[in-house]
Amino acid sequence: MRKHILIVGGGYVGMYAARGLRKLIRSGEASVTVVDPRGYMTYQPFLAEAVGGSIEPRHVAAPLGQVLKGVRVLTGRVTRVDHGERTAEFQPPQGPARTIPYDIVVMAAGSITRALPIPGLAEHAVGFKTIGEAVHLRNHVLAQLAAAASTDDEGVRRRALTFVVVGGGFAGVEALAEMQGLADEALRYHDGIEPGDLSWTLVEANNGILPELHGNLGRWTVDALCKRGVDVRLGARLTSAAGGAAVLSDGTELDAGTLVWAAGGRPSPLAAASGLPVDRIGRITATEYLTVAGVADAFAAGDGAAVPDLTRPGEFTAPNAQHAVRQGKLLGRNLVAYVRGQRLRAYRHAYLGSVAGLGHRQGVAQVHRIKLTGFLGWLAHRVYHLGWVPTARNKAAVLADWTLASLFRRGTVRLEAIEHADEDFRQALAAERPGPLGAGQPGGEVHRPPAA
């Protein structure tokens, strides 16, 4: 009997699992459907370089329909899973919701931004997890510099040139570093603003940054950022962002024109709402075979699943791309084996290390016991991540972007208008003179400027 496999989420796990199924499954054995809200997989380690302008944002996205030929890809959200009935409620971007029946479900919805009940956070901060947020942040930084160069008000200028990033993990550190690199480049075209006029603050609640790296590399990164004028506040928390003022637990108050929230993520709420077993933080309880513990016909992996780490008994695999990609690949093979009634393979992957780019051709890298800093760390960061970019086309595009960035100065044009593309049109309509019939309507008079 042909099985229908539903994969909820098209990120690392979902995309790689579906690719494996497409290659290994025989005709007539199973059909595969992937549901994802955006319809593309984002290679998140390069989001920071998209902010800095070294990589075009679209080059860090792999369209699922293009990558997964032969797989049904639906754009929209799964809002509820009833595994007892083997159904999922699907909400497309337009039109009514509908029910999707399945035989086997793969929960790969990943994680969402971890938000805290901090006053003003929702109104004044921007996250850093999606391509849209990366594009917005790039435009915003450039717009702040232009605003500072165009005002005589010292308070407005100071606020526009104050940048605060909350979160000392990879996302926060890399975002701040690339934002600073972008700003340094853009200052060439703004007379009257010097690099020292800009205020950069990194806020981290723990006593160190980049926790997945060796402590020496974290300390080296702090020193490198401080030498570039970044105020690194360890052991501090953001307590308020009301009115755009970033108030820290150590009493510091910064009137920040740019506030980036990169303080980690939490499992997708869909996991807890699915009726499947979850742990205390909302991750689906999985086995080493990537099946859902105690549940037939259900699999889970990635950030939203608690997968035992067989290389470190008693612990779970970390929520990072290194595990998600490998779990997705194994998941594809295990799903084929499951359909055929064969033995499943356990997931086992020893931690290889991590890399981080710091802009300005600086980086840090740890590969087993090898530790690299500065230019070598930056080079290791690029080589490692280029190898994991999902398609040959994306690899070539990223290489082309890097080549152009090495030959020419990075572009500093801001395109914030694309975020409100209808604004000019609406202003034009509002400027029309009222009359019995509006301009451009059938029978109406179109107002034209007088002839010269």
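Taking 0.36 nm per residue of separation and subtracting the Cα-Cα distance, full extension of the segment from GLN342 to GLN94 would add 85.2 nm.
Since only GLY275, PRO308, THR258 are under comparison, the one whose Cα sits farthest along the positive direction of the charge dipole of segment 226-362, derived from C-beta charges on Lys, Arg, Asp and Glu, is PRO308.
What number comes out for the charge environment of LEU310, summing +1 per Lys or Arg and -1 per Asp or Glu over other residues with Cβ under 14 Å away? Walk me through the intermediate numbers first.
Values: positive: ARG312, ARG326, ARG345, ARG348; negative: GLU288, ASP309, GLU315.
Here the count lands on +1.
Scoring 257-265, 313-321 by mean Cβ neighbours within 10 Å over their residues and listing the highest first yields 257-265, 313-321. For the chain, the longest principal axis of the alpha carbon atoms and the long axis of helix 392-407 meet at an angle near 30°. If R0 is taken as 41 Å, the Cβ-Cβ distance between LEU352 and LEU116 corresponds to a FRET efficiency of 0.85. Kirkwood-type hydrodynamic radius, the chain: 24.1 Å, calculated from all non-identical alpha-carbon pairs.
State the antiparallel share, in %, of DSSP beta bridges confined to segment 33-102, rounding to the nearest 5.
Details: 12 of 16 bridges.
The answer is about 75 percent antiparallel.
For segment 156-183, backbone nitrogen atoms closer than 20 Å to the point 7 Å from GLU253 Cα along Cα-to-C-beta are found at 156-166. Basic side chains Lys and Arg get +1 at the Cβ, acidic Asp and Glu get -1 at the Cβ, and with that the dipole of segment 58-161 about its Cα centre reaches some 320 debye.
Between ASN394, SER199, THR412, the Cα set farthest toward the positive side of the dipole of the chain (charges on each charged residue's Cβ, about the Cα centre) is that of ASN394.
Hey, what number do you get for the chain at 222 nm if only DSSP H runs of n ≥ 4 count, each worth -39500 (n - 2.57), divided across all residues, to the nearest 500?
Theoretical 222 nm ellipticity from helices: -10000 deg cm²/dmol.
Summary of packing: across the peptides 283-294, 111-122, the per-residue average of other C-beta atoms within 10 Å ranks them, highest first, as 283-294, 111-122. Taking R0 as 25 Å, what FRET efficiency do you get between LEU386 and ARG72 from their Cβ-Cβ distance, rounded to the nearest 0.05? So the FRET efficiency works out to roughly 0.25. Taking the square roots of five times each eigenvalue of the Cα gyration tensor of segment 202-248, the equivalent ellipsoid has semi-axes of 23, 13, 6 Å, listed largest first.
With a 1.4 Å probe and all protein chains kept in place, how do LYS227, LYS329 rank by accessible area, largest first? Let's see the in-between values first.
Numbers: LYS227 180, LYS329 80 Å².
Largest accessible area first, the residues go LYS227, LYS329.
Counting only DSSP beta bridges with both residues in the chain, tell me the antiparallel percent, nearest 5. If you can, show how the numbers build up before the last one.
Working: 34 of 69 bridges.
If we restrict to bridges inside the chain, about 50 percent are antiparallel.
Whole-percent P(r), segment 90-177, all Cα pairs, 10 Å bins from 0: 12, 31, 27, 17, 9, 3, 0.
Compare the peptides 158-165, 338-345 by average per-residue count of other Cβ atoms within 10 angstrom and give them in order, highest first.
Details: 158-165: 22.9, 338-345: 14.1.
My ranking of the peptides, most packed first, is 158-165, 338-345.
For the chain, what's the relative contact order in percent, using C-alpha pairs closer than 8 Å and at least 6 residues apart? Please list the in-between numbers first.
Working: 881 pairs, mean separation 79.6, N = 452.
Relative contact order here is 18 percent.
Would segment 199-351 count as rounded, prolate or oblate if I go by the C-alpha gyration tensor, calling it rounded below 1.5 in a/c and otherwise prolate when a/b exceeds b/c, oblate otherwise? Prolate is the answer for segment 199-351, as a/c is 1.5 or above and a/b outweighs b/c. Computed from point charges on the beta carbon alone (+1 for Lys and Arg, -1 for Asp and Glu), the dipole magnitude for the chain about its Cα centre is near 2400 Debye.
The values are calculated or read from the model by the stated rules, or taken from the named source; none is laboratory data. In this text, all values refer to a predicted model and were calculated from it rather than measured experimentally. Counting neighbours? That spans all protein chains shown, and the Cβs are built from the backbone with ideal geometry, glycine included. For the accessible areas, the whole protein counts, side chains as well, though only heavy atoms, and no ligand, DNA or RNA atoms are used. Shrake-Rupley method; radii C 1.70, N 1.55, O 1.52, S 1.80 Å.
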